[in-house]
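All remarks here apply to the structure that follows.
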Amino acid sequence: EILNAVYSGLNLCLDMAPIIILWMGIMSLASSSGLLEKFGKLIRPFLCKLFPSLNKNSKSLDYIASNIACNMLGMGSAATPFGLKAMASMQEENKNKDTASTAMITFLVLNTAGVTIIPTTIIAIRLAYNSLNPTEIIAPALISTSCSCLSAVLIDYFIRRKRR
């Protein structure tokens, strides 16, 4: 039984690898073509309001925008490097080095509860298990992640406001 579980897990990883590699390649192309930068400029006004403690020209906002773009496409593995760079960049700007800044906490909340438009990992798993309609998860995922993201951002906002 244990060996069957190992075999199933390995097969699932091998089935998912091409899809993950494809999306990571697409994100790499989007990054090198400047598409992520354009997306960042598009959502920068929203990010400036969400992260008021960050300088409007902060490199952190670019990393956050790239992280959000990857997460919206359901590519958490491609989003991780941008998330780590965003946190490192915010830590450089952080005055109190042993405590997470407000911006870092807000980013963590947003990253954890972010909106997913195309849940590629779930679609890949559904494809691997021969789902009749692997993409039917898109609408429920969009609705649920939008609700969780909105709730998380509002709770974060009210907690920040209360602490001031």
Quiz prompt | Odd one out for L61 among (1) closer than 30 Å to R160 by Cβ; (2) within 15 Å of the chain's Cα centre (by Cα); (3) in contact (Cβ under 8 Å) with a residue 24 or more places away in the chain | solution = (3)
Quiz item: Within the bounds of region 22-31, is there any residue that is surrounded by 11 or more Cβ atoms within 10 Å (Cβ to Cβ) and not in a helix (DSSP H, G or I)?
Solution: no
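Say whether the condition of being in a loop (DSSP other than H, G, I, E, B), among the β-branched types (V, I, T) and within 18 Å of M16 (Cβ to Cβ) is met by at least one residue in region 135-149. Walk me through how you get there before you give the answer.
Within region 135-149, the first condition is being in a loop (DSSP other than H, G, I, E, B), and the residues that meet it are none.
Scanning region 135-149, I find no residue that is in a loop (DSSP other than H, G, I, E, B), among the β-branched types (V, I, T) and within 18 Å of M16 (Cβ to Cβ), so the answer is no.
Restricting region 72-85 to residues that are at pLDDT 80 or above and more than 17 Å from K41 (Cα to Cα), which is surrounded by the most Cβ atoms within 10 Å (Cβ to Cβ)? Spell out the reasoning first.
Step one: of region 72-85, the residues at pLDDT 80 or above are 72, 79-85.
Narrowing further to those that are more than 17 Å from K41 (Cα to Cα): 79-81, 83-85.
On the way: A79: 22, T80: 14, P81: 14, G83: 20, L84: 12, K85: 17.
By that ranking, first place goes to A79.
Does S66 fit the bill of being surrounded by fewer than 18 Cβ atoms within 10 Å (Cβ to Cβ) and within 14 Å of the chain's Cα centre (by Cα)?
Values: surrounded by fewer than 18 Cβ atoms within 10 Å (Cβ to Cβ): no; within 14 Å of the chain's Cα centre (by Cα): yes.
So S66 does not fit the description; no.
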Self-check item: Which listed residue, of F51, F39, is farther than 26 Å from R126 by Cα, open to solvent by 40 Å² or more (accessible area, probe 1.4 Å) and under 17 Å from the mean Cα position of the chain (by Cα)
Solution: F39
Practice problem: May I ask you to verify whether K56 is in contact with a helix residue (DSSP H, G or I) (Cβ under 8 Å, 6 or more places away or on another chain) and surrounded by fewer than 17 Cβ atoms within 10 Å (Cβ to Cβ)? | Solution: yes
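It is to be established whether one or more residues within region 115-124 are open to solvent by 30 Å² or more (accessible area, probe 1.4 Å) and farther than 28 Å from N11 by Cα. Spell out how you get there, then give the answer.
Of all residues in region 115-124, those open to solvent by 30 Å² or more (accessible area, probe 1.4 Å) come to 115, 117-118, 121-122.
Now narrow it down to the ones that are farther than 28 Å from N11 by Cα: 115.
Within region 115-124, one or more residues are open to solvent by 30 Å² or more (accessible area, probe 1.4 Å) and farther than 28 Å from N11 by Cα.
Could you check region 128-138 and list, in sequence order, the residues that are open to solvent by less than 60 Å² (accessible area, probe 1.4 Å) and of a type in the set (A, V, I, L, M, F, W, C)? It would help to see each step written out before you state the result.
Residues of region 128-138 that are open to solvent by less than 60 Å² (accessible area, probe 1.4 Å), as a first pass: 128, 131, 134, 137-138.
Listed by number, the residues that qualify are A128, I137, I138.
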Quiz item: A88 versus (1) within 27 Å of F158 (Cβ to Cβ); (2) modelled with pLDDT of 90 or more; (3) assigned to a helix (DSSP H, G or I); (4) open to solvent by less than 90 Å² (accessible area, probe 1.4 Å): which is the lone unmet condition?
Solution: (1)
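The values are calculated or read from the model by the stated rules, or taken from the named source; none is laboratory data. Bear in mind that the values here come from a model prediction, so they are computed numbers and not experimental data. Backbone-built Cβ (ideal geometry, glycine too); neighbour counts: all protein chains shown. Just the protein is used for accessible areas: all its heavy atoms, side chains included, with ligands, DNA and RNA removed. Shrake-Rupley method; radii C 1.70, N 1.55, O 1.52, S 1.80 Å.
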